[in-house]
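> Below is the structure I would like to discuss, written out as structure tokens.
The values are calculated or read from the model by the stated rules, or taken from the named source; none is laboratory data. Owing to the predicted nature of the structure, the values given are computational and were not obtained by experimental measurement. Here the Cβ positions follow ideal geometry from the backbone for every residue, glycine too, while neighbour counts run over all protein chains shown. The protein model used for the area step is the full one, side chains on, heavy atoms only, and it has no ligands, DNA or RNA in it. Shrake-Rupley method; radii C 1.70, N 1.55, O 1.52, S 1.80 Å.
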Amino acid sequence: MKAKRQEKMNNTMNIFEKKAPTVLVTGATGGIGSAIARLFASRGYATAIHYNKNESKALEIKENLLSSGFSAEIFQADLTSPEAVRKMVSEIEAVFGTVDVLVNNAGISLIKLFDDTSDEEWDNIMNVNLKSAFLCSKAVAAGMIHNKKGKIINISSIWGVKGASCEVAYSASKAGLIGFTKALAQELAPSNIQVNCVAPGAIATEMNSHLSATEIKELCQEIPAGRFGAPIEVAESVWFLANSSYVTGQVLGVDGGWQ
């Protein structure tokens, strides 16, 4: 009887030892977000797929991952709401346990003259692109600090580094994300938590689908690599940062040499 009890305890310990790490990808229904979610799931992570409105796409990604034998679940939240973010993280922890890697990918764009940008548009882009990262990071930080490990990876933009005409609000929000990254990295480093940022250049996603063939050709002429990047190339850079223990407070440009 004692031997069986000990065997049961050992099996239980093995289950906990083999628990997959958890990644939360916000805005996971977009081109870059879905590529990140798929990559982490394929490499053994329990993957929390966040969405706000596009439930059908989130379900499609989930079913695709599950059919491939990976671990994934969808979670809905308005990331500009503190209550919604806390609720989402609690639900993720109930299903997968503490979030080990947070990828703050959710974001929106705004192409508009500065003079024509309304107060509401400014506030909205700051809330979605910057405040959401603050809220999500705050929601997972306690668990990471308790575990003395964790990764927070923020998806900024080349325009957050160099700025873009007719995208002042967007550029400001993405530049704010870089400042947020550098400051939070210093604060969380003593707890063995690394905070980094990826700044993609021109990536072939729906966000850039409004560009004409001529505009794409002209942009490619400016990019030393001579082409747009692919979402998987951004995802691979996020994976690198998720597996780096001594890289923190950095901005990794994935832009084909454009910046």
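> What tally of residues in segment 208-223 results from selecting those that are over 26 Å from the mean Cα position of the chain (by Cα) and part of a loop (DSSP other than H, G, I, E, B)?
1
> Being surrounded by 20 or more Cβ atoms within 10 Å (Cβ to Cβ) and either acidic (Asp, Glu) or in contact with a strand residue (DSSP E or B) (Cβ under 6 Å, 6 or more places away or on another chain) (or both) is the requirement here; does Ala139 meet it?
Taking the combined requirement at face value, the residue does not satisfy it.
> For segment 134-169, enumerate the residues that are under 16 Å from Gln259 (Cβ atoms) and touching a residue at least 60 places away in the same chain (Cβ under 8 Å).
Within segment 134-169, Ile155, Ser156, Ile158, Val161, Lys162 qualify.
> Need the failing condition index for Leu177 against (1) part of a helix (DSSP H, G or I); (2) over 15 Å from the mean Cα position of the chain (by Cα); (3) not small (Gly, Ala, Ser), just the number.
(2)
> Quick check: is even one residue across segment 192-199 touching a residue at least 40 places away in the same chain (Cβ under 8 Å) and open to solvent by 10 Å² or more (accessible area, probe 1.4 Å)?
yes
> If you don't mind, another one. I need every pair where a residue in segment 45-68 that is among the aromatic types (Phe, Trp, Tyr) has its Cβ under 7 Å from the Cβ of a residue that is surrounded by 23 or more Cβ atoms within 10 Å (Cβ to Cβ) and modelled with pLDDT of 95 or more, sequence separation at least 6 or different chains.
Tyr45/Thr22; Tyr45/Val23; Tyr51/Ala28; Tyr51/Thr29; Tyr51/Ala58
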